[in-house]
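Structure record follows, encoded as structure tokens.
The values are calculated or read from the model by the stated rules, or taken from the named source; none is laboratory data. These figures come from a predicted structure and were not determined experimentally. Glycine also receives a Cβ, built like all others from the backbone with ideal geometry; neighbour counts cover every protein chain displayed.
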Amino acid sequence: MNSTIIDNINTVRHRIKEACQKNGRDPQEVKLLLATKTVAAERIKIALQTGQTLIAENKVQELKEKYEDLKEIPHNNHFIGHLQTNKIKEILKYNVSCVHSIDRFDLAQKLHQRLTAENKTIDILIQVNTSYEESKYGAAPDQVIDLVRQISVFNTLHIKGLMTIGLLSAEADRVRKCFQLLKQIQQEIIRLDIPNVTMQELSMGMSGDLDIAIAEGATIVRVGTAIFGQRNTPDNYYWNENLME
Ligand SMILES: *Cc1c(COP(=O)(O)O)cnc(C)c1O
């Protein structure tokens, strides 16, 4: 089991490198984030021991459960799941350094209030629903610029870029369109030169489509299945509002 995880990481690293080479990019520009939902701490540790440093959970509960076990190995925690405002306190407690899933003003405002009280700051990405699916979280593409402007006034939140899940489809062209849209919104925001907004990160691409995402400019790919194997819990448990709690 150990060797499987290690082999899989090497395979994913190789895919990243190849996608970069094909597209004239430096592999150093693309960070590999391990999406660890449903994965036991023991197995995450194997990945961290290979020198991986960036992991992310979707649920505060899982972050909490694995926190003590993972503490001994230095790593960086991001948060990629739907965040309820009543869980903000907890993600700060477990040292999350970047939240990829900011998709509404009230969430940003509450996060800012809490950070102010704790005298802390955090990196955030704005999650965009590039596939226009009702079942997916994320701000509507045509509302992202307004949202970024509104959130940019909160000095505890450093807006570093955008995140999307995109369409999960075997049709590469349709998947690619989602990533192109995210890149296009990023470029528009860069042109606006909004204070407190830097926009260097594009968090897009997962096990099935990271190659396309890198071709379209991804700087963070979020990979679960290709490293840890299939999950038993369906993803819409994490992604679809109607199935939540
Ligand atoms: C689970 C998850 C991933 C990883 O998906 P895989 O297909 O297993 O690589 C990436 N991003 C988010 C937001 C996820 O919930």
The residue that is farthest from the ligand (Cβ to nearest atom), considering only those in region 74-84 that are over 14 Å from Leu34 (Cα atoms) and surrounded by 15 or more Cβ atoms within 10 Å (Cβ to Cβ), is Leu83
Within region 10-57, the residues that are without any contact (Cβ under 8 Å) to a residue 40 or more places away in the chain, in contact with a Cys (Cβ under 9 Å, 6 or more places away or on another chain) and under 14 Å from Leu210 (Cα atoms) are Pro27
Flagged in region 189-218 as over 14 Å from Ile126 (Cα atoms), of a type in the set (Asp, Glu) and away from the ligand (no atom under 13 Å from the Cβ), in numbering order, are Asp193, Glu216
Requested in this report: Answer yes or no as to whether Phe154 is among the aromatic types (Phe, Trp, Tyr) and either away from the ligand (no atom under 13 Å from the Cβ) or touching a Phe, Trp or Tyr at 6+ places or on another chain (Cβ under 6 Å) (or both).
Outcome: yes
If you go through Ile126, Ile88, the only one that is within 21 Å of Gly138 (Cβ to Cβ), more than 12 Å from the chain's Cα centre (by Cα) and among the aliphatic types (A, V, I, L, M) is Ile88
Expected output for region 148-175 (first residue modelled with pLDDT under 95, partner more than 16 Å from the ligand (Cβ to nearest atom) and part of a helix (DSSP H, G or I), Cβ below 6 Å, 6+ apart or cross-chain) is Leu167/Arg174
For this session: For Ile102, indicate whether it is within 15 Å of the ligand (Cβ to nearest atom) and surrounded by 16 or more Cβ atoms within 10 Å (Cβ to Cβ).
Result: yes
> Within region 31-39, is there a residue that is more than 14 Å from the ligand (Cβ to nearest atom), touching a strand residue (DSSP E or B) at 6+ places or on another chain (Cβ under 8 Å) and part of a loop (DSSP other than H, G, I, E, B)?
Replying inline: no
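Among the helices (runs of 4 or more DSSP H) lying completely within region 142-243, list those that include at least 3 residues that are out of contact with any His (no Cβ under 8 Å at 6 or more places or on another chain), surrounded by 19 or more Cβ atoms within 10 Å (Cβ to Cβ) and on the phi < 0 side of the Ramachandran plot.
Helices (runs of 4 or more DSSP H) meeting the threshold: 144-151, 172-192, 210-215.
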Going through region 121-141 in order, the residues found to be part of a loop (DSSP other than H, G, I, E, B) and either surrounded by 15 or more Cβ atoms within 10 Å (Cβ to Cβ) or in contact with a Ser or Thr (Cβ under 7 Å, 6 or more places away or on another chain) (or both) are Thr121, Asn129, Thr130, Ser131, Glu133, Lys136, Tyr137, Gly138
Pairing a residue in region 222-239 that is more than 25 Å from Ile16 (Cα to Cα) and among the polar types (S, T, N, Q) with any residue that is at pLDDT below 80 and assigned to a helix (DSSP H, G or I), where Cβ atoms lie under 9 Å and the two sit 6 or more apart in sequence or on different chains, gives Asn236/Asn242; Asn236/Leu243
Only one of Ile44, Ile16 is of a type in the set (Val, Ile, Thr), over 18 Å from Thr233 (Cα atoms), in a helix (DSSP H, G or I) and within 16 Å of the ligand (Cβ to nearest atom), namely Ile16
